[in-house]
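A.B. asks: Pasting in a structure now, in structure tokens, and then I'll have a few things to ask.
None of the figures in this text is laboratory data; all of them are computed from the coordinates on show. As the structure is a computational prediction, the values presented were derived from the model and not from experiment. Cβ placement follows ideal geometry from the backbone for every residue including glycine, while neighbour counts extend to all protein chains displayed.
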Amino acid sequence: MTTPSQVPAGATIKDVAARAGVSPMTVSRVINNKPGVGQDTREKVEQAIAELSYTPNQAARRLVTSSEVLIGVIYSNPSAAFMSEFLTGVFEEASNRGVRLVLMRFAAGDVPTSEQLERFIGSGLSGLVLAPPLGESLAVNAVLAKYDLPVTAVGAYDVPNATCVRIDDAAAAFEMTQHLLDLGHRRLGFVLGSPNQAASARRMAGFHAAISGVEGVQVSLAQGDFSYASGLLAGELLLNVPTPPTAIFASSDDMAAAIVSVAHRRSLDVPGELSVVGFDDTTAAVTLWPELTTVHQPVRKLAAEALGIIVDKAQPNTSRQARPPRILEHSLIKRHSTAPIEQP
């Protein structure tokens, strides 16, 4: 029970926030009936307002209800090259659209807690962009389901209440595998991406679809997680088998670059003795020798598209329902890490 002595004279929005255990921005969103606040939190704020007899300052209220759009971006990706392209895309689109960004970064493999997510959303976000792999995190989506907040998930599949922005990973992997088959390779290695991303399974499915029905194909598999370190382990594993592959398809450029490093350490000629291909077409593909043949995934465009969708959804009287997936075009980039091979 609140006593008169516990009620500060001329209570401010900060007093309300402290009483409710939330941020001042969350209080502002409740006062102005904006989305992005859970029902439990809203009730706590309303109770604090009543207890403190708080009256909103009209000047501050006009500021909060201005047309400014604040977009949150959360990422936890092991590839610095991928994230460089991703962040460039969101920054450029934010500048073009005249919106503000707030970034939340976590170490690779880490997932934000419910408390961290709720504080972030409560800071006044108009929408949220999730970089892979967070778009498919069950823990993240369980929290987001409680909020009326537009969300886009880049590189993701079948995410409830979010618009997915991606390429056709299976088709892209099929085309790359077909390229290796056309060069005469029949001993193929494939390095899977992280098991917590649907794109990994789609790329593997495209690989298997391409080799299905082709006689004489021998396949060696290794598990990776899209990182350079996992590519080193996968390269050692694949090149240690009794009959090693003549070509290795890694599910990311970082892993492919690592495999090239392993091949060089073993004095294997790339591509004379071993062809290596990647996926993404990040800077990692062109900062090594030989430059990688890879799938071009337009990461910068994917990120910009995801941000643009959120900005559009944040406009007044616009539906916040998730839209059908937005699928952008990919392409095969042929460089110098692949070559034909004569089968014995």
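A.B. asks: Straight distance only, please: which lysines reach the Cα of residue 146 with their own Cα at less than 23 Å, same-chain residues fewer than 8 apart left out?
C.D. replies: List returned: 34, 44, 313.
A.B. asks: Most fluctuating residue of 243, 282, 294 in a GNM of the chain with Cα springs under 10 Å: which is it?
C.D. replies: Maximum fluctuation in the GNM of the chain, among the listed residues, is at 243.
A.B. asks: Among DSSP beta bridges whose residues both lie in the chain, state the antiparallel percentage, nearest 5.
C.D. replies: Just about 10 percent of them are antiparallel.
A.B. asks: Apply the Karplus parameterisation 6.51 cos²θ - 1.76 cosθ + 1.60, with θ equal to phi minus 60°, to every residue of the range 166-179 and state each ³J(HN,Hα) to the nearest whole Hz, in sequence, with x for glycine and proline.
C.D. replies: Per residue, the Karplus-derived 3J(HN,Hα) values read 7, 10, 8, 5, 5, 5, 5, 5, 4, 5, 5, 5, 4, 4 Hz.
A.B. asks: From Cα pairs below 8 angstrom and at least 6 apart in sequence, can you work out the relative contact order of the range 224-269, rounded to a whole percent?
C.D. replies: The normalised contact order for the range 224-269 reaches 49 percent.
A.B. asks: Report, in degrees rounded to the nearest 10, the 0 to 90 angle that the Cα long axis of helix 299-313 makes with the longest principal axis of the chain.
C.D. replies: Helix 299-313 sits roughly 30 degrees off the main axis of the chain.
A.B. asks: Let me ask another. Search the structure for amide H atoms under 5 Å from the amide H of residue 275, placed 1.01 Å from N in the peptide plane, and list their residues when 5 or more places away or on another chain.
C.D. replies: The list, which skips near neighbours in sequence, is 247, 248.
A.B. asks: Using Cα pairs under 8 angstrom and six or more residues apart, how large is the relative contact order of the range 169-296, in percent?
C.D. replies: Once normalised by length, the contact order is 24 percent.
A.B. asks: Could you run the Karplus curve 6.51 cos²θ - 1.76 cosθ + 1.60 with θ = phi - 60° over the range 223-237 and give me ³J(HN,Hα) per residue in whole Hz, x for Gly and Pro?
C.D. replies: Going residue by residue, I get 8, x, 9, 6, 8, 4, 4, 5, x, 4, 5, 5, x, 4, 5 Hz, with x marking Gly and Pro.
A.B. asks: Give the long-range amide H neighbours of residue 330: residues separated by 5 or more places, or on another chain, with amide H under 5 Å away, using H modelled in the peptide plane at 1.01 Å from N.
C.D. replies: The answer is 168.
A.B. asks: Just going by the charge dipole of the chain, with Lys and Arg at +1 and Asp and Glu at -1 on Cβ, which of 128, 315, 45 is farthest out on the positive end?
C.D. replies: The one lying farthest along the dipole's positive direction is 45.
A.B. asks: Using only the alpha-carbon atoms, how far is helix 253-265 inclined from the longest principal axis of the chain? Give it as 0 to 90 degrees, nearest 10.
C.D. replies: Once rounded, one gets 40 degrees.
A.B. asks: Next question, about the same structure. Please determine, in degrees from 0 to 90 and to the nearest 10, the orientation of helix 39-52 with respect to the longest principal axis defined by the Cα atoms of the chain, where the helix direction is its Cα long axis.
C.D. replies: Taking Cα atoms only, the helix is inclined about 30 degrees.
A.B. asks: Restricting to Cα pairs below 8 Å that are 6+ residues apart, what does the relative contact order work out to for the chain? Please round to a whole percent.
C.D. replies: 18
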